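See below for the structure under consideration.
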């Protein structure tokens, strides 16, 4: 419910909220520490498959998606996302949580800094690289996104903005790029965890289906509530609140897991 509300409220896919929330829930359920973070990330990616389809339909209906950019980035995204799942499987649960914490704090600080800068109106598509450059960028974005269980919007939108793609088109195109990230990443986490002896019932590798179903059903309804609430608050206030939430979550992950790794 919280992830759905926040997704609608702040205009994000919710992965940076879903993963920490699932870590807490899985810990309370007694899922082994060695796999609970991997299951949180894998399950988050699986939910993004569903939420991104809905988002893509909306953006495509408004003709805001640049499908040429999506097609050029897709090969790199698919490969990078699969490798991201493999990379995450190599990491211990504590290291994975620590990296997620650092990433969340970094995104929070970037959001605050961006709010202090004067926005510039780019010329649409003026600096978009060629197919090879877009595929390489897609590979990096997919790799990072799969490790952290996100749809990549926090990386793809800034990248496209730097390429002088106007914000509305950058957001819509980023949403379309989130689908191959989620599909390849979720499949990779399912395969990497398939033979783990510690998996709970109703799991496919590192994807836990009861949590997947609950998140998808709740997010559908509560995202609407969040979207309605968003229209009653100022955009900058929303951005600052979300950045503050990310900073708190990230700092907590860093604090707890640094202590574990340092001991």
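Taking the criterion of being more than 20 Å from residue 51 (Cβ to Cβ), crowded, with 20+ Cβ neighbours inside 10 Å and at pLDDT 95 or above, the residues of region 139-167 that qualify are 139, 143. Being part of a helix (DSSP H, G or I), touching a residue at least 12 places away in the same chain (Cβ under 8 Å) and in contact with a strand residue (DSSP E or B) (Cβ under 8 Å, 6 or more places away or on another chain) holds for only one residue in 140, 212, 159, 189, and it is 189. Of all residues in region 11-25, those satisfying the criterion of being buried (at least 22 other Cβ atoms within 10 Å of the Cβ), at pLDDT below 90 and in a helix (DSSP H, G or I) are 15, 16, 17, 18, 20. The selection criterion, being under 27 Å from residue 65 (Cα atoms), modelled with pLDDT under 95, touching a helix residue (DSSP H, G or I) at 6+ places or on another chain (Cβ under 7 Å) and crowded, with 23+ Cβ neighbours inside 10 Å, holds for residue 219.
The values are calculated or read from the model by the stated rules, or taken from the named source; none is laboratory data. Remember, predicted model here, so these are calculated numbers, not experimental data. As a convention, Cβ positions derive from the backbone with ideal geometry for all residues, glycine included, and neighbour counts pool all protein chains shown.
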